[in-house]
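Undergrad: Structure provided below as structure tokens; questions to follow.
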Amino acid sequence: MSNAKLEVQNLTLKYGDALAVDNVSFSIAHGECLTILGANGAGKSSIGKSLAGLLPPASGNIILDGDDVTNLEPYLISQRKLSYLPEGRAIFPTLTVEENLMLGARKLSADPKAAVQSAYDLFSRLGDRRKQQARTLSGGEQQMLAVSKALISDPEVIVVDELSLGLAPLIIDDIYTALGKAREANNVTIVLIEQYIDRALSFADRALLMVHGHEVWSGPADSNADGIVRGFLSGETAA
């Protein structure tokens, strides 16, 4: 794909001798969102870790902006404007909300205070709690903070792993709205690893389905995709 922002070529991932992902390939255009779906243990989170440089491939290549970044350290991939939001809360619990945000803003922005204010504009709750330690926030507020930290670095690609896990529907709505605004405003490319099929397909442009480390289907995230994905996951469709 000539306008690809991110390409994965024949990616195989292992933990020791255990195969996690077997020969997966995909390509994502500038500003596009690809959701990677699958049951627990399907390999989708392993792909996210590999894109961020945290899990070196056994074989295959990862291409970002036309450059091979397969063997780069995580901090070098981050410097290339790829931001990774792992499953869980990627925050410093004993720092305040504002201190968490300033850590990211100082690395990037000529005006860190304005960058932090942009996070408060996205999530007014964070502004109300800016002087609280992160550990005192609710789970939803902690995820808002984690998302804000990822966005405040002004990424061109963001890899999001299990964004909705354990959150109330209204909080999920707020977080997806913020991601959508960032995508629209800055043409951010998103890899969305998600457990909620409906939510993922309504947000993404395309979907890729993983079963036991194998890519079994990929296609547009349209009205037909829901039935196809659920069919595979329920065992009603042969892989």
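Undergrad: So what's the convex hull volume per residue for the Cα atoms of the stretch 1-54, in Å³?
TA: On the way: hull volume 4.4 nm³, N = 54.
Residue-normalised Cα hull volume stands at 81 Å³.
Undergrad: Obtain the radius of gyration and the Kirkwood radius of the stretch 23-80 from its C-alpha atoms and give Rg over Rh.
TA: 0.95
Undergrad: Kirkwood Rh and Cα-based Rg: tell me the resulting Rg over Rh for the chain, rounded to two decimals.
TA: Rounded to two decimals, Rg over Rh is 0.96.
Undergrad: Compute the relative contact order of the chain as a whole-number percentage, counting only Cα pairs closer than 8 Å that sit 6 or more residues apart in sequence.
TA: 26
Undergrad: Here's another thing I want to ask about it. Between the stretch 54-89 and the stretch 2-27, how far is it from one alpha carbon centroid to the other, in angstrom?
TA: So the two Cα centres are separated by 12 Å.
Undergrad: Can you work out the FRET efficiency for the pair Asp17 and Asp222, with r the C-beta to C-beta distance and R0 = 35 Å, to the nearest 0.05?
TA: Efficiency computed from Cβ-Cβ geometry: 0.35.
Undergrad: For the stretch 32-127, which GluC sites (Glu not before Pro) are in a loop by DSSP, counting at most 16 other Cβ atoms within 10 Å?
TA: Those that pass, being in a loop and sparsely packed, are Glu87.
Undergrad: Within 15 Å, Cβ to Cβ, of Gly66, how many net charges do the neighbouring residues add up to if Lys/Arg are +1 and Asp/Glu are -1? Don't jump to the answer; show the numbers that get you there.
TA: Details: positive: Lys5, Arg80, Lys81; negative: Glu7, Asp65, Asp67, Asp68, Glu156.
For residues surrounding Gly66, the net value is -2.
Undergrad: Next question. Let me know the Rg and Dmax you get for the stretch 90-153 when you use only its Cα atoms, in Å.
TA: 10.2, 31
Undergrad: Rg over Rh of the stretch 116-200, using C-alpha atoms and the Kirkwood radius, what does it come to? Kindly include the intermediate steps, with their values, before the conclusion.
TA: Details: Rg = 12.4 Å, Rh = 13.2 Å.
Checking Rg against Rh, the ratio lands at 0.94.
Undergrad: Let me ask something additional. Net charge around Lys49, counting only other residues with Cβ within less than 13 Å of its Cβ (Lys, Arg = +1; Asp, Glu = -1)?
TA: Charge balance near Lys49 sits at -1.
Undergrad: Another one. Put a dot 7 Å past each Cα toward the Cβ at Glu99 and Gln195; how far apart are the dots in nm?
TA: 3.1
Undergrad: Next question. Report the charge-dipole magnitude of the stretch 90-153 in Debye, nearest 20, computed about the Cα centre from +1 at each Lys and Arg Cβ and -1 at each Asp and Glu Cβ. Provide the component values of the computation, followed by the final result.
TA: Numbers: 9 positive and 6 negative charges, 27 e Å.
So the dipole magnitude of the stretch 90-153 works out to roughly 120 debye.
Undergrad: Considering only Ala39, Ala114, Ala200, give the residue with the highest GNM mean-square fluctuation for the chain, with springs between Cα atoms whenever their separation is below 10 Å.
TA: Answer for the Gaussian network model of the chain: Ala114.
Undergrad: With both partners inside the chain, how many of the DSSP beta bridges are antiparallel, as a percent to the nearest 5?
TA: So the antiparallel bridges in the chain amount to around 55 percent.
Undergrad: Still on this structure, please answer the following. For Glu7, what is the net charge nearby, where nearby means another residue's Cβ is under 11 Å from its Cβ and Lys, Arg count +1, Asp, Glu -1?
TA: -2
Undergrad: Given the options Leu13, Leu72, Leu170, which has the most mean-square fluctuation in a GNM of the chain, springs set between C-alpha atoms less than 10 angstrom apart?
TA: Between Leu13, Leu72, Leu170, it is Leu170 that shows the largest mean-square fluctuation.
Undergrad: Still on this structure: Need one number: the % of Cα-Cα pairs in the stretch 1-123 sitting beyond the 25 Å mark.
TA: 36
Undergrad: Using only alpha carbon pairs under 8 Å that are at least six residues apart, calculate the relative contact order of the stretch 90-153 and give it in whole percent. Please report the intermediate quantities before stating the final value.
TA: Values: 73 pairs, mean separation 31.3, N = 64.
Dividing the mean separation by the residue count of the stretch 90-153 yields 49 percent.
Where a number appears in this text, it was derived from the coordinates with a stated rule and is not lab data. In this text, all values refer to a predicted model and were calculated from it rather than measured experimentally. Reconstructed Cβ throughout: ideal geometry from the backbone, glycine too, with neighbour counts over all protein chains shown.
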